[in-house]
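The values are calculated or read from the model by the stated rules, or taken from the named source; none is laboratory data. None of the values given here were measured: they were computed from a predicted structure. All Cβ positions, even for glycine, are placed from backbone atoms using ideal geometry, and neighbour counts span all protein chains on display. Calculation scope for accessible area: heavy atoms of the full protein, side chains included, ligands and nucleic acids excluded. Shrake-Rupley method; radii C 1.70, N 1.55, O 1.52, S 1.80 Å.
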Amino acid sequence: MQALPTKTKLLGAALHLVRQNGYDATTVDELCREAGVTKGAFFHHFASKEALAIAATEFWTEVTGQVFATADYHHYEDPLDQLIAYIDFRAQLLEGRTLPEITCFLGTMVQEQYDSHPAIRAACDIGISTHADHVAEMIIAAKAKHAPQATWSAASLALHTQTVIQGGFIMAKAKNDVALAADSIRHLRRYIELLFYHAKED
């Protein structure tokens, strides 16, 4: 099996350690130790910890994007069924995993650094918005078919799905219980079902 490139090792180390300990608590030395590389190798690829963090947002979006691109919810023909299956898939991603493993890298970093590191905030926003845009595509199609007269916007609902999911991660951390994140996602499923049901009645 071919060894991973040094840069990829550092990006992977960032995803793991920041989700586990937070950005501020993660040092360059720890990142190097986790990746199994020297500090010289770190600075060969990244000018600073912030530079690594920004690159890691793109890496996270790429890696998770592949997971969602190959998920089974794409197999549904009806866009509303696809959207509901997407929500179910988000719940499935939590099964058998620990809090650091379910935590969103982007959400974790932006909570810490939205004010102190504007470049990190902007990079996290791009990553979160990229995924929200993917969800919005399903919502646009579902709205056109099932709720064309509804006054709410697909873009706003897509962002709301991410708000609920990220909020579920925060509550799970506060209570030290992954199940609470899964509960939030199940409530989100019910909300979307009701939203479309009532739109049909209007």
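The table below gives the values:
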item	result
Test: ALA141 is within 16 Å of GLN82 (Cα to Cα), surrounded by 16 or more Cβ atoms within 10 Å (Cβ to Cβ), without any contact (Cβ under 8 Å) to a residue 60 or more places away in the chain and out of contact with any Gly (no Cβ under 7 Å at 6 or more places or on another chain)	no
Residue, least open to solvent (accessible area, probe 1.4 Å), within the stretch 106-121, restricted to residues that are under 18 Å from the mean Cα position of the chain (by Cα) and free of Cβ contacts under 8 Å to residues at least 12 places away in the same chain	ARG121
Subset tally (residues that are among the aliphatic types (A, V, I, L, M) and either loosely packed, with under 15 Cβ neighbours inside 10 Å or on the phi > 0 side of the Ramachandran plot (or both)) for the stretch 154-201	4
Of all residues making up the stretch 122-138, the number that are open to solvent by less than 40 Å² (accessible area, probe 1.4 Å) and closer than 15 Å to TYR86 by Cβ	5
Residue among THR151, THR103 that is open to solvent by less than 20 Å² (accessible area, probe 1.4 Å) and either within 25 Å of ARG190 (Cβ to Cβ) or among the hydroxyl-bearing types (Ser, Thr, Tyr) (or both)	THR103
Pick from the stretch 84-133, criterion closer than 14 Å to TRP60 by Cβ and of a type in the set (D, E, K, R), ranking: modelled with the highest pLDDT	ASP125
Matching residues, the stretch 36-54, being crowded, with 19+ Cβ neighbours inside 10 Å and either farther than 17 Å from PHE105 by Cα or acidic (Asp, Glu) (or both)	PHE42, PHE46
Flag for LEU80 being closer than 19 Å to LEU188 by Cα and over 18 Å from the mean Cα position of the chain (by Cα)	yes
